[in-house]
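The values are calculated or read from the model by the stated rules, or taken from the named source; none is laboratory data. Since the model is a prediction, treat every value here as computed from it, not as a measurement. Note: ideal-geometry Cβ built from the backbone for every residue, glycine included; neighbour counts use all protein chains shown. In case anyone asks, the SASA skips ligands and DNA or RNA and just uses the protein heavy atoms, side chains included. Shrake-Rupley method; radii C 1.70, N 1.55, O 1.52, S 1.80 Å.
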Amino acid sequence: MIRVDQAGEYGATRIYAGQLAVLRRNSTAAKMVARMAAQEQRHLDRFDALMAERRVRPTALQPAWNVAGYVLGAVTALISPSAAMACTEAVETEIDRHYGAQLEHLGDSDPELAADIAEFRAEELEHRDVAREAGAATAPGYPLLTFGIRAACRVAIGLSKRI
């Protein structure tokens, strides 16, 4: 559970890095992305610490998530700021589902981890809502774009659990 969550937060930091490399520095979208990126970095730092404390190995796919996340972020930002927001909306929708399932599975068995996941889930939902308010649905090819990104997220989660 910690391995896949760390991989997801790492991927999110890479997506935002790719978007920030492309978006106009002082644009509204870049300011929103920078704020979300800082929260994702905090999530990643926490999961990195949990991995060290609990001796959890990272996914062997981390180098792939490094490149894939950055490329996804850069490409969506190159399409348009609204496509960058659609990417955030799609990713955070899947992360909400993923974290919700984890919280159900954990129950009362690990209150510390459950508290972290619940806190991060709330922030991920905030990111999703910010992206929606910023015009995610106006992105070119929005239905196909978000469908593809959500499917890729599900695949990445599944692979990170196993590898």
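Okay, residues lined up against (1) among the aromatic types (Phe, Trp, Tyr); (2) part of a helix (DSSP H, G or I); (3) open to solvent by less than 30 Å² (accessible area, probe 1.4 Å):
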| residue | (1), (2), (3) |
| --- | --- |
| Leu113 | no, yes, yes |
| Ile117 | no, yes, yes |
| Phe120 | yes, yes, yes |
| Glu124 | no, yes, yes |
| Leu144 | no, yes, no |
| Ile149 | no, yes, yes |
| Ala152 | no, yes, no |
| Val155 | no, yes, no |
| Gly158 | no, yes, yes |
Return the residues of segment 56-67 that are closer than 21 Å to Tyr99 by Cα and part of a loop (DSSP other than H, G, I, E, B); say none if nothing qualifies.
Val56, Arg57, Pro58, Thr59, Leu61
If we keep only residues of segment 59-107 that are free of Cβ contacts under 8 Å to residues at least 40 places away in the same chain and charged (D, E, K, R), then the residue surrounded by the most Cβ atoms within 10 Å (Cβ to Cβ) is Glu92
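Rundown of residues vs (1) touching a strand residue (DSSP E or B) at 6+ places or on another chain (Cβ under 8 Å); (2) closer than 25 Å to Glu126 by Cβ; (3) surrounded by 18 or more Cβ atoms within 10 Å (Cβ to Cβ); (4) among the hydroxyl-bearing types (Ser, Thr, Tyr), yes/no style:
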{"residue": "Ala30", "(1), (2), (3), (4)": "no, yes, yes, no"}
{"residue": "Val33", "(1), (2), (3), (4)": "no, yes, yes, no"}
{"residue": "Asp45", "(1), (2), (3), (4)": "no, yes, no, no"}
{"residue": "Ala49", "(1), (2), (3), (4)": "no, yes, no, no"}
{"residue": "Ala52", "(1), (2), (3), (4)": "no, no, no, no"}
